[in-house]
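Undergrad: A single structure is presented below for examination.
The values are calculated or read from the model by the stated rules, or taken from the named source; none is laboratory data. Keep in mind that what you see is a predicted model, and the values were worked out from it rather than measured. Cβ: placed from backbone, ideal geometry, glycine included. Neighbour counts: every protein chain shown.
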Amino acid sequence: MAYRKEYKIIARDFSRAGEASSEIKNILKQLGLDEGIVKRASIVAYEAEMNVVIHSVGGTLALEIYPEYIAISAEDNGPGIKDLDLAMKEGFSTAPDEIREMGFGAGMGLPNIKKCSDKLDISTSRNGTYLKAIIYFK
Ligand SMILES: Nc1ncnc2c1ncn2[C@@H]1O[C@H](COP(=O)(O)OP(=O)(O)O)[C@@H](O)[C@H]1O
Ligand SMILES: [Mg+2]
């Protein structure tokens, strides 16, 4: 593995939410990767991070850089996604009112992650969710 950086993501910590994905964006920019690649990776990282903040009990976000692709992964410790097919649909969200009032919960995170990734794997159970997105830059 060429490079790996991991960030701890704390549930419902809106004062720091988005910091990890913004660091990831800066790392990718500094690498001089194509603007479109950086944009796609940043969307994936941000949406994955916010899902851990909003929907889980907390976890980690990680960036891995390989010679031909970037991998962004998010891992959390539950409670898992009840119906993954439904969760992948545009506009589906279980975010409660207080989260929606903050401007989140449009139900576009997972669909956008899917659109921005070349490969996406999600495994989920009551014990947690693991998401891994791959974006090729070569
Ligand atoms: N890490 C996660 N843990 C538990 N549920 C999740 C997680 N990520 C997504 N979900 C579920 O999938 C739904 C859709 O996610 P998403 O498309 O990002 O929309 P939003 O975050 O706006 O609700 C969420 O409302 C939630 O029910
Ligand atoms: Mg989301």
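Undergrad: For the structure I just gave you, tell me whether M88 is surrounded by fewer than 18 Cβ atoms within 10 Å (Cβ to Cβ), touching a Pro at 6+ places or on another chain (Cβ under 7 Å) and at pLDDT 95 or above.
TA: yes
Undergrad: Something else about it: Tell me which of these P111 doesn't satisfy, since it passes every other one: (1) closer than 16 Å to K5 by Cα; (2) part of a helix (DSSP H, G or I); (3) within 15 Å of ligand 2 (Cβ to nearest atom).
TA: Among (1) closer than 16 Å to K5 by Cα; (2) part of a helix (DSSP H, G or I); (3) within 15 Å of ligand 2 (Cβ to nearest atom), the lone unmet condition for P111 is (1).
Undergrad: Sticking with this structure for a sec: Confirm whether V44 is of a type in the set (A, V, I, L, M), buried (at least 17 other Cβ atoms within 10 Å of the Cβ), within 30 Å of D97 (Cβ to Cβ) and touching a helix residue (DSSP H, G or I) at 6+ places or on another chain (Cβ under 6 Å).
TA: It is true that V44 is of a type in the set (A, V, I, L, M), buried (at least 17 other Cβ atoms within 10 Å of the Cβ), within 30 Å of D97 (Cβ to Cβ) and touching a helix residue (DSSP H, G or I) at 6+ places or on another chain (Cβ under 6 Å).
Undergrad: Cβ contacts < 6 Å: first residue within 12 Å of I134 (Cα to Cα), restricted to segment 35-52; second residue within 10 Å of ligand 1 (Cβ to nearest atom), any location; separation 6+ or different chain. Result?
TA: Partner pairs satisfying both residue conditions: V44/I113.
Undergrad: Condition check: surrounded by fewer than 19 Cβ atoms within 10 Å (Cβ to Cβ) and touching a Ser or Thr at 6+ places or on another chain (Cβ under 7 Å). Does L120 satisfy that?
TA: no
Undergrad: Taking the residues in segment 60-91 that are touching a residue at least 60 places away in the same chain (Cβ under 8 Å) and within 14 Å of ligand 1 (Cβ to nearest atom) as candidates, determine which candidate is farthest from F137 (Cα to Cα).
TA: D76
Undergrad: Scan K89, K132, K82 and give me the residue that is at negative phi, touching an Asp or Glu at 6+ places or on another chain (Cβ under 9 Å) and not in a helix (DSSP H, G or I).
TA: K132
Undergrad: Now for a separate question. L28 is checked against (1) within 22 Å of M108 (Cα to Cα); (2) aliphatic (A, V, I, L, M); (3) in contact (Cβ under 8 Å) with a residue 24 or more places away in the chain and fails just one. What number does that condition carry?
TA: Condition not satisfied by L28: (1).
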